[in-house]
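The values are calculated or read from the model by the stated rules, or taken from the named source; none is laboratory data. Keep in mind the model is a prediction, meaning the values are calculated, not measured. No Cβ is skipped: glycine too gets one built from the backbone with ideal geometry, and neighbour counts run over all protein chains shown. The area values use the complete protein model at the heavy-atom level, side chains included, leaving out ligands, DNA and RNA. Shrake-Rupley method; radii C 1.70, N 1.55, O 1.52, S 1.80 Å.
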Amino acid sequence: APLPVSRVAQSRLGGVRMASDEPWFEDCVSTTSIDKSAFEAAYATAMNAPAPAASTSGKQDFLEASPFWDQSNIPINTYKNKAPFTGKIISVKRIVGAAATGETCDIVMSHGGKMPYWEGQSYGVIPPGTNPKNGKPNSVRLYSIASSRYGDDMTGTTTTLCVRRATYWCPELKADDPAKKGVCSNFLCDSKPGDEVKLTGPSGKVMLIPEQDATADLIMVATGTGIAPYRSFIRRLFVEKTPYGEVYKGLAWLFLGVANKDALLYDDEWQSVLKSYPKNFRVDYALSREQTNKDGGKMYIQDKVAEYSDEIFTRMDNGAHMYFCGLKGMMPGITEMLEGVSKAKGIVWEDKLKEWKSKGQWHVEVY
Ligand code: FAD
């Protein structure tokens, strides 16, 4: 008998998923189905899997599908709200400078090889405690995974998240109101090595990499913690010795928008990849409080992308994939900008977007 899945699956129009398109919401309506036996087989495999042995070849090739680009059996929702996996925090590190707006942490946790995931997926985190508004246990929050499937230590047993601490600035107090701070992000950023963390997932297929085509350019646009999935891509492509990285011939082009230099995320890693792969990797930053756009205004992410719009259109028409991840608020500016560029080229934007979506080249995960 088919197992129900949420309306999420059907609402993914041409690869577009909004933040609410996740199977974690209680009011999900079931109308489509997946194959129960395939699901149970995948679940049993994940539950019984021994921790993967570290690579003896020195390569990151021991957690691959066959062929490596085959996405038909990727792990999906192995652990659910009612039966989450309990992972353990390994490290929590603040990764922004003193002048950054807000705090962002790199959080590494152990899953012991029991909660495998692919690049571009997310984990759910169930923070401890109850929600005072309804007396029920706190609900799950999603976080994009920032490590490759091999984890930063390349053992295949850890997961890295990149979490921004959600705070509430009270205009009356003229200070942060601790009573209104974000529950889960603060739990994660305050956690200590050894602390337990309840995890669900992995979830999401929208941000996967089209590995079958090793020449496809990947244009990755992020605001803030939206960098997370791209870090997983870039590690798989350029840091680890993976079958995909070995054959990759395209351009991976990262755009990151943050407030200022201190708020840049993982810049040292990007600089080191740039040194080793100057032909296959590019990075461009939009620092809204430090740079100005061509009209003298603040440099937002869409302004930086606009500087290369001709090249981006050409690359997209040649089969590139474009990704967007980060705050929901980034999308109107981006689409408005691309619409303007299309118009100037005599192209109908709606038609162009439809074309890119239908070819699976347009990937959106914003929250
Ligand atoms: P919550 O407790 O849910 O509060 C939400 C906001 O409301 C906070 O800003 C809080 O300060 C404010 N608030 C609380 N009480 C009040 C009140 N009484 N009045 C007014 N405001 C109030 N986030 C990341 O940091 N990194 C990621 O990689 C990431 N990936 C994501 C991927 C997906 C697919 C999605 C959907 C979301 C992702 N998020 C990510 C966002 C994340 O899921 C959480 O939404 C975020 O961390 C805030 O959760 P929280 O529990 O800390 O805040």
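When Lys192 is tested against (1) open to solvent by 20 Å² or more (accessible area, probe 1.4 Å); (2) more than 25 Å from Asp268 (Cβ to Cβ), just one condition goes unmet, and that condition is (2). On the stretch given as segment 291-309, residues that are open to solvent by less than 90 Å² (accessible area, probe 1.4 Å) and under 12 Å from Met337 (Cα atoms) total 8. Annotation note: Cβ proximity below 9 Å between a residue of segment 122-141 that is farther than 25 Å from Thr159 by Cβ and a residue that is assigned to a loop (DSSP other than H, G, I, E, B) and open to solvent by 80 Å² or more (accessible area, probe 1.4 Å) (sequence gap 6+ or interchain) occurs for Thr130/Lys136. If we keep just the residues of segment 203-222 that are within 11 Å of the ligand (Cβ to nearest atom) and not in a loop (DSSP other than H, G, I, E, B), which is surrounded by the fewest Cβ atoms within 10 Å (Cβ to Cβ)? This residue is Ser203. The residues on offer are Phe255, Phe238, and the sole one that is modelled with pLDDT of 95 or more, in a strand (DSSP E or B) and not assigned by the TED database to the domain that holds Cys105 is Phe255.
Here are Asp190, Asp106: which of them is of a type outside the set (A, V, I, L, M, F, W, C) and within 16 Å of the chain's Cα centre (by Cα)?
Details: Asp190 fails: within 16 Å of the chain's Cα centre (by Cα).
Among Asp190, Asp106, only Asp106 is of a type outside the set (A, V, I, L, M, F, W, C) and within 16 Å of the chain's Cα centre (by Cα).
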